[in-house]
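> Structure incoming, see below.
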Amino acid sequence: MAERLVVDEAADHAHELAVGLGLHGGGGGGVHGSGAYVEAANSVIVSGRGRARKRAPPPRRGARLMRPRLSGRGLYAITDGPRADLLDAAAAALDGGAALLQYRDKTADGPRRLQEARALARLCADRGVPLIVNDDVALAAAAGAAGVHLGEEDAAIAEARARLGDGAIIGASCYDSLARARQLAAAGADYLAFGAFFPSGTKPGARRAAPALLREARALGLPLVAIGGITPDNGGPLIEAGADYLAVIAAVFGAADVRAAARRFADLFARTQPHSP
């Protein structure tokens, strides 16, 4: 059950908080709107369903955080926007075996998004799972997330790296383009995301990619993420083609039992191996 946390940090701890909120936290300033995040960070209430209420201690000064680059394979669970039970749902996905968690919220509610992202950063740090923030480098820095996922209209990889640090995980959308994947790999991306592979309710007009693209992209030597309409029933061929992670929104967070839905993806990875090139 997710805990109810109260954070009341002094302004002079804002930078430490940005780099020290979790085992996988990133550091640095934001690309845009970071002042609003820092101001909101001074008095943050994070809500969950638990009854416990405690004040979160500031990170120790001088503490060095481990920031491993991305490795492994499995479910990449992506949250589905504002929901009252966000922390409980995220915890259920992690309990079900999610290997990565992405916070995705396209609303303009900066204070709430900061509260939620910071709470998720702590939750993921406790479970040893990286938290990635969708699109927003400033939010990733202020929340202490492990990294950020960038689309074609977001910040450049070099800018995100400069602000989040060398240890941050920076993923990038390649859509249906191997040429874009090559460019992003050369620019320093930590993983490459392709798709949509199937019709997607989240992005109905998304460009479609074919599994053959994953086989070709394996030569780039980076972890590959497949996204777009993926379920436990259609995800196997994508793993066989070379996907290290299946990025999923609706088939996990739209399920009645989030933990069980995540477990089905974890089981799919356990029984499916990529084909040799």
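> Just check the range 200-277 against the gyration tensor rule for me: Cα atoms, a ≥ b ≥ c as the square roots of the eigenvalues, rounded for a/c under 1.5, and otherwise prolate or oblate depending on whether a/b exceeds b/c.
Since a/c reaches 1.5 but b/c is at least a/b, the shape of the range 200-277 is classed as oblate.
> By the gyration tensor of its Cα atoms, with a ≥ b ≥ c the square roots of the eigenvalues, what is the shape of the range 111-224: rounded for a/c under 1.5, prolate for a/b over b/c, or oblate?
Note, shape of the range 111-224 comes out prolate.
> From the Cα trace of the range 191-233, what convex hull volume per residue do you get, rounded to a whole Å³?
On the way: hull volume 3.3 nm³, N = 43.
Taking the convex hull of the Cα positions in the range 191-233, it is 76 Å³ per residue.
> Using a Förster radius of 25 Å, what is the FRET efficiency between residue 80 and residue 126 based on their Cβ-Cβ separation? Nearest 0.05, please.
Efficiency, from the Cβ-Cβ distance: 0.70.
> Further, regarding this structure: Once each part is reduced to its C-alpha centroid, what is the distance from the range 121-149 to the range 195-238 in angstrom?
After rounding, the separation between the Cα centres reads 23 Å.
> Label residue 180 and residue 69 with points 7 Å out from Cα along Cα→Cβ: what is the distance between them in nm?
2.3
> Using the number of other C-beta atoms within 10 angstrom as an exposure proxy, rank 71, 173, 200, 276 with the fewest first.
Values: 71 9, 173 24, 200 18, 276 4.
Starting with the residue having the fewest Cβ neighbours, the order is 276, 71, 200, 173.
> To the nearest 0.05, what FRET efficiency results for residue 108 and residue 267 with a Förster distance of 45 Å applied to their C-beta separation?
On the way: r = 38 Å, r/R0 = 0.84.
Computed FRET efficiency for residue 108 and residue 267 comes out at 0.75.
> Continuing with this model, one more query. In nanometres, what is the gap between the two model label sites at residue 275 and residue 234, each 7 Å from Cα along Cα-to-Cβ?
1.9
> Compare the peptides 237-248, 151-162, 256-267, 129-140 by average per-residue count of other Cβ atoms within 10 angstrom and give them in order, highest first.
Packing order, densest peptide first, comes out as 129-140, 237-248, 256-267, 151-162.
> Treating only the Cβ atoms of Lys and Arg (+1) and Asp and Glu (-1) as charged, compute the dipole magnitude of the range 103-176 about its Cα centre; round to the nearest 20 debye.
400
> Order these by the 10 Å Cβ neighbour count, fewest first: 275, 149.
Numbers: 275 11, 149 28.
Arranged by neighbour count, lowest to highest, 275, 149 become 275, 149.
Bear in mind that the values in this text are calculations on the coordinates, not laboratory data. In this text the structure is predicted, and so the values were computed from the model without any measurement. Note: ideal-geometry Cβ built from the backbone for every residue, glycine included; neighbour counts use all protein chains shown.
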